[in-house]
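Let me begin by presenting the structure, written as structure tokens, before commenting on it.
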Amino acid sequence: MKKLLIFAALCEVATGLILLAYPPIVTRLLLGEVVSGAGVPISRVAGIALIALGIGCWPEGNMRRAFYGMFTYGALIVLYGVILGASGHVGVLLWPAVAFHAGLSGLLVRAWRARRTDRIGGKN
């Protein structure tokens, strides 16, 4: 579980850094549209939030909080990605990003269940 959370956190920090540095590339790849005007600073705020998410979900100390934070984010991204895709806002990376977050969320749940089963069975 720890390695999976580290991987997820690093992916979100990397995406956040790209959004912070150059938002148009992310919006073009995910939504098929170039961001402009007020969308650029809002995209950068989203990048900062992703960096904070990655740092906040780093699995040191309270693994439960890291799991809940990353799982909640991933599940909501999948839901919103499907809504965006259904409305026609589709870039070349939207569906792969939705699939990535769905898979990662599924792996997180599987790791969480395995961890709980080990605890119940007496393994720590």
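In the chain, the longest principal axis of the Cα atoms and the axis of helix 94-120 are about 10 degrees apart. Taking 0.36 nm per residue of sequence separation and removing the Cα-Cα distance, the R119/A21 pair yields an extension gain of 31.0 nm.
Shown here are the Rg and Dmax of the Cα trace of the chain, at 15.9, 56 Å. Of the whole protein surface, F100 contributes about 80 Å² of accessible area at a 1.4 Å probe radius. Modelled this way, with points 7 Å down the Cα-to-C-beta line, the labels at A52 and E33 are 2.5 nm from one another.
If the chain linking A14 and M63 were pulled fully straight, counting 0.36 nm for each residue of separation and taking away their Cα-Cα distance, it would gain 15.5 nm. Charges were assigned to the Cβ only: +1 to each Lys and Arg, -1 to each Asp and Glu. The resulting dipole of the chain about its Cα centre is roughly 660 debye. Report, to the nearest 10°, how far helix 2-21 tilts away from the longest principal axis of the Cα atoms in the chain, using its own Cα long axis and a range of 0 to 90°. Helix 2-21 sits at roughly 20 degrees to that axis. Distance from the Cα centroid of the stretch 68-124 to that of the stretch 1-59 is 16 Å (rounded to whole angstrom). Computed from Cα positions, the angle between helix 39-56 and the longest principal axis of the chain comes to roughly 10 degrees.
Ranking A66, H89, V45 by Cα position along the charge dipole of the chain, where only Lys, Arg, Asp and Glu carry charges on their C-beta atoms, puts A66 farthest toward the positive end. Per residue of the chain, the DSSP helices (runs of n ≥ 4 H) give a summed -39500 (n - 2.57) that works out to -27000 deg cm²/dmol at 222 nm.
The values are calculated or read from the model by the stated rules, or taken from the named source; none is laboratory data. The shown structure was predicted, so the numbers you read here are calculated from the model rather than taken from an experiment. Neighbour counts run over all protein chains shown; Cβ positions are idealised from the backbone, glycine included. Remember, those area values only see protein heavy atoms, side chains included, never the ligands or the DNA or RNA. Shrake-Rupley method; radii C 1.70, N 1.55, O 1.52, S 1.80 Å.
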